[in-house]
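The values are calculated or read from the model by the stated rules, or taken from the named source; none is laboratory data. In this text, all values refer to a predicted model and were calculated from it rather than measured experimentally. When we count neighbours, we look across all protein chains shown, and the Cβ atoms used for this are built from the backbone with ideal geometry, even at glycine.
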Amino acid sequence: MNSQKHWEKIYAEKAPDAVSWYRPHLEKSLSLIEQLAPRTSAAIIDVGGGESTLVDDLLAREYENVTVLDISQASINASRKRLGSASERISWRVADITRVELDASAYDVWHDRAVFHFLTEESDRLAYVRQVARAVRRGGHVIVSTFGPDGPTKCSGLGVIRYDADSLHREFGVQFRLLETSKELHQTPFGTFQQFLYCHCKVE
Ligand SMILES: C[S@@+](CC[C@H](N)C(=O)[O-])C[C@H]1O[C@@H](n2cnc3c(N)ncnc32)[C@H](O)[C@@H]1O
């Protein structure tokens, strides 16, 4: 099964709050974005945003230039429905982040929670990093969150790569200055815990 079919099936079968990565709010992501992009005109992209409520929280804070991209049409449809008429203030894209053509220097902030760790093929990771380097303006910010060294080895039936700050930063390279890193113990809706790593880099 290709990646898009896999994710469409997951979102067709599971309620938004019945997936392991669900949180009512992505507090850590939101607080980093607010700190790094205090201007509400900042261009922000949530890569693999799925059905997450980060977009709701960004709208509530009056961010005006938010893009949500996901490989799954079903997840984008669900988020649009949840937001109702407010969804018109968001730019939605259904695409594979390793293949889509994003505009150059289009974003001030790139956010990815739990997408990069699914890229187990080196060619996909290279395509992803090329994409970030092109789409985020110089001086812009990249927030990537993956499973940490003690995190799960699989998610939704797919293998993942676990990272510490050094190994994740190595994937991105020196053009990305690592400014901040932290770990989060995420409680799943089933009461289990997963270690996530957050890294914040600035594009030099
Ligand atoms: C584990 S979920 C995380 C969703 C959301 N970021 C969150 O934290 O709640 C991974 C998401 O990445 C999306 N995804 C997986 N591979 C992708 C790709 N190559 N390009 C774009 N989106 C992708 C999936 O459809 C799914 O919504």
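Computed quantities for the displayed model
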item	result
Boolean, Leu197 is under 17 Å from the mean Cα position of the chain (by Cα) and either assigned to a helix (DSSP H, G or I) or within 20 Å of Ile10 (Cβ to Cβ) (or both)	no
Residues of region 47-74 classified as more than 9 Å from the ligand (Cβ to nearest atom), within 18 Å of Ala114 (Cα to Cα) and outside any helix (DSSP H, G or I), total	2
Residue check for Leu178: free of Cβ contacts under 8 Å to residues at least 60 places away in the same chain, surrounded by 15 or more Cβ atoms within 10 Å (Cβ to Cβ) and over 21 Å from Pro24 (Cβ atoms)	yes
Region 14-46 - residue that is of a type in the set (A, V, I, L, M) and outside any loop (DSSP other than H, G, I, E, B) and, of those, farthest from Leu178 (Cα to Cα)	Ala18
Close pairs from region 96-120: first more than 16 Å from Leu197 (Cβ to Cβ), partner within 9 Å of the ligand (Cβ to nearest atom) and among the aromatic types (Phe, Trp, Tyr), Cβ under 7 Å, at least 6 apart	Ile97/Tyr128; Thr98/Tyr128
Conditions (1) touching an Asp or Glu at 6+ places or on another chain (Cβ under 6 Å); (2) under 20 Å from Ser72 (Cα atoms); number of the one not met by Gly140	(2)
Residue list for region 107-126, restricted to those being surrounded by fewer than 16 Cβ atoms within 10 Å (Cβ to Cβ) and either among the aliphatic types (A, V, I, L, M) or in a helix (DSSP H, G or I) (or both)	Glu122, Ser123, Leu126
Some residue of region 25-44 being closer than 22 Å to Cys201 by Cα, touching a Phe, Trp or Tyr at 6+ places or on another chain (Cβ under 7 Å) and within 8 Å of the ligand (Cβ to nearest atom)	no
Boolean, Ile143 is under 16 Å from Gly48 (Cα atoms) and assigned to a loop (DSSP other than H, G, I, E, B)	no
Residues (more than 16 Å from the ligand (Cβ to nearest atom), surrounded by 14 or more Cβ atoms within 10 Å (Cβ to Cβ) and over 15 Å from Ala104 (Cα atoms)) located in region 137-151	none
Region 69-80 - residue that is under 22 Å from Glu101 (Cβ atoms) and among the aliphatic types (A, V, I, L, M) and, of those, surrounded by the fewest Cβ atoms within 10 Å (Cβ to Cβ)	Leu69
Condition check for Ala18: within 9 Å of the ligand (Cβ to nearest atom), modelled with pLDDT of 95 or more and either surrounded by fewer than 17 Cβ atoms within 10 Å (Cβ to Cβ) or more than 24 Å from Gly151 (Cβ to Cβ) (or both)	no
Qualifying residue in region 142-151 (condition: in contact with a Ser or Thr (Cβ under 7 Å, 6 or more places away or on another chain), among the charged types (D, E, K, R) and at pLDDT 95 or above)	no
Only one of Ala86, Ala78 that is assigned to a helix (DSSP H, G or I), within 16 Å of the ligand (Cβ to nearest atom) and out of contact with any Cys (no Cβ under 9 Å at 6 or more places or on another chain)	Ala78
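Rundown of residues vs (1) part of a helix (DSSP H, G or I); (2) surrounded by 14 or more Cβ atoms within 10 Å (Cβ to Cβ); (3) away from the ligand (no atom under 16 Å from the Cβ), yes/no style:
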| site | (1), (2), (3) |
| --- | --- |
| Arg82 | yes, yes, no |
| Asp103 | no, no, yes |
| Val132 | yes, yes, no |
| Arg162 | no, yes, no |
